[in-house]
Every structure is written in structure tokens, then in C-alpha cells.
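Read through the structure below, which is laid out as C-alpha cells, and then see the notes.
The values are calculated or read from the model by the stated rules, or taken from the named source; none is laboratory data. All values reported here derive from a predicted model rather than from experimental measurement. Positions of Cβ are generated from backbone atoms using ideal geometry, with glycine treated the same way; all protein chains shown enter the neighbour counts. Accessible surface is based on the protein model in full, side chains and every heavy atom, while ligands, DNA and RNA are left aside. Shrake-Rupley method; radii C 1.70, N 1.55, O 1.52, S 1.80 Å.
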Amino acid sequence: MNFSFEQLLAFVTVYEQLSFSKAAVKLNKHRTTIGQVITNLEDQLAVSLFERVGRSVEPTEDGHLLYHNAKLTIEQARTFDKLALSLSYGGLESVNIAYSSVIPHRALVEIRQQFLRDFPLMRVNFFVRNKQDIKRGIDSGEYHFGIVNVHDRQAMYSFDATFLGHFEFLPFVQKGGDLSRLEKSAVLVALKNSKQFVLRSFIEEGMSEKIIYSSDNEAIDQLALVIKMVEAGLGWALLPKTLANTEFANHAIEPVEADEMLEGFKFGFALWCPHSKQIVDIKKSLITVINNYRKRFEDGLRR
């Protein structure tokens with residue numbers, strides 16, 4: 001059987017909106033047009049996709065079974081279209097990189113240094129964004145790359161997703177402060193009873209239950225400000241382990257160990273980007289930098 005892109009898109013949109021009218025608005029079509037497209041598709045498939053209930057619809061069992069593959073087919077078609085379009089364009093004069101606020105600044109500096117060597121004439125712009133904003137930006141073409149926390153990894157994207165590995169986070173406290181002088185057996189209780197600073201991106205990405213230990217907690221947007229708060233002895237925070245060996249090694253923060261925590265919290269990170277010929281070499285350069293950065297500190301080395 002041959003199905004048109006229009007039919008599959010109408011089916012997926014009606015399925016997600018549970019309404020012909022809402023799907024029509026989203027697709028900028030008339031309601032009767034969407035209804036006819038769905039009817040034609042049902043005739044071709046010889047199955048009923050929706051139960052009409054007044055002005056709303058409910059997917060049938062067959063509709064539920066077909067939705068995932070229809071969605072995947074649409075995403076693959078869009079990927080093909082974007083990749084084909086990119087073949088007709090030359091190299092990029094500038095690149096936009098969006099990143100989670102938990103990414104250590106030193107890693108971003110090393111990315112910029114590598115790009116200066118590999119692409120000396122290219123402008124590089126960095127933006128702190130949450131995961132949803134990065135996804136929208138990749139889809140719209142606003143961002144060329146996104147470095148994101150993927151603790152809830154999904155298998156289906158309309159863009160290229162490369163898993164970069166896990167980064168370890170540890171509780172950091174003021175160097176030489178009260179929390180830093182505790183015995184390991186007393187650390188966890190003390191952390192639970194002390195103010196915890198939490199990066200807002202963790203909260204926005206649904207990780208509160210995993211990373212918030214203290215009921216006395218405050219959210220902060222910027223990694224640098226969290227570090228300043230901990231330096232001042234105002235509280236503690238979960239921060240990337242690599243900070244102990246990089247740009248903040250000489251600052252007034254340090255990680256602490258607890259008997260109940262044999263290792264730190266490990267979060268997966270991925271590189272998101274569109275399927276585009278223009279950025280293939282840039283992507284390779286970026287992945288090399290991040291992998292080297294992570295491996296260097298996993299091995300306990302200091303640059």
C-alpha cells in the first residue's frame with residue numbers, strides 16, 4: 001500500500017490532539033479536509049483508527065498500534081528532507097551551541113579552543129537553555145548543537161542524538177567549612193539538614209526526587225552562581241566531579257564523601273544536532289573534545 005505524508009501527518013496529529021478541529025487548526029487545514037483524509041486512510045487500511053465521540057475522538061486499538069510507526073515514519077521523512085536540503089548549502093560561517101546549565105565551563109572553553117584550531121574563521125555562539133528549549137531550537141534550526149542531560153532518554157528523535165557517556169556529580173561544600181570537617185559517617189545527615197542549592201535545570205527536567213536531599217533547598221539558574229554560594233559557606237550543592245580538578249580547583253569549594261554514598265550521582269549526557277552535511281566535521285570535533293575532557297578526569301588526570 002502507498003500512504004501519503006499528508007495522511008500519516010493527519011493521523012498522528014488527530015491522535016495527539018484527540019480532535020479533528022484541533023488537528024485542523026494545527027495543520028492549517030479545514031476540519032472537513034482532515035476528516036476526509038482520515039476516512040480515506042481508514043479505507044486504504046481497512047481498519048478504523050478512531051471512535052468518533054461527539055466533537056472529540058478516541059483512538060481505537062488499531063489506532064494505538066499504528067501510531068508509533070506512523071510517528072516514526074514522519075520523523076524519518078523530515079530527517080530525509082533536512083539532510084537533502086543541507087546538501088545544497090556550503091559551510092557554516094557561525095554555529096550556535098545550546099547547553100545545559102550543569103555543563104562545566106571548562107568543557108565549553110576547550111570546545112572553543114578546538115574550534116579555533118579546526119575552524120579558525122567560524123564564529124561560535126553559546127547559549128544556556130533547558131532541554132525543551134534546546135529541542136525546539138534544534139527542530140527550528142535556531143541551534144546547531146545541544147549538549148543535554150538525557151536521564152530519561154527516548155529512542156525517537158527528529159534529529160541526530162549521540163550519547164556522550166555519564167558525568168559524575170558529587171556534593172560540594174565550602175573548603176575548610178563545617179561540612180568539610182565532618183566524619184564520613186556524619187556527612188549525609190548533615191547535608192540533609194543544611195541548605196542545598198539546586199540548579200534549576202535539574203528541577204525543570206523532572207529530577208527533583210533524585211537530586212534534592214535537603215528540605216531546605218533553593219533553585220538557581222547559573223552554575224557559576226551556585227559555586228559562589230557554596231564558596232561563601234551558604235550551603236552545599238551537587239556539582240560535576242570535574243570541578244575538583246579544573247577551573248575551580250583553587251577555589252574555596254571541595255567535594256565531600258559519605259559512608260552511604262560509595263560513588264557520586266551519574267547522569268547521562270548527549271549531543272543533539274540536525275542531520276546535516278554542513279555540520280558533520282564540526283560534530284566530530286565537538287565529540288572528540290567532550291570525550292577527551294570526560295576521560296581525562298575519569299582517569300584522575302589534571303590538564
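Under the condition of being crowded, with 17+ Cβ neighbours inside 10 Å and either modelled with pLDDT of 95 or more or over 18 Å from GLY264 (Cβ atoms) (or both), the residues counted in the range 218-229 number 2. Those residues that are open to solvent by 60 Å² or more (accessible area, probe 1.4 Å) and within 18 Å of ASP221 (Cβ to Cβ), I need them from the range 121-137; list them, please. Result: PHE126, PHE127, VAL128, ARG129, GLN132. Residues in the range 140-197 that are closer than 18 Å to GLU257 by Cα and either assigned to a strand (DSSP E or B) or at pLDDT below 85 (or both): PHE167, GLU168, PHE169, LEU170, PRO171, PHE172, VAL173, GLN174, GLN196, PHE197. In the set LEU72, LEU8, LEU66, LEU27, only one residue is open to solvent by less than 90 Å² (accessible area, probe 1.4 Å), under 30 Å from ALA161 (Cα atoms), out of contact with any Leu (no Cβ under 9 Å at 6 or more places or on another chain) and not small (Gly, Ala, Ser); that residue is LEU72.
Residues that are among the charged types (D, E, K, R) and either crowded, with 18+ Cβ neighbours inside 10 Å or closer than 14 Å to MET229 by Cβ (or both) within the range 176-203 comprise LYS195, ARG200, listed in sequence order.
Cβ-Cβ distances below 9 Å connect no pair with a first residue in the range 41-67 that is closer than 13 Å to SER19 by Cβ, a second residue that is of a type in the set (Ser, Thr, Tyr) and open to solvent by 60 Å² or more (accessible area, probe 1.4 Å), and a separation of six or more residues or different chains.
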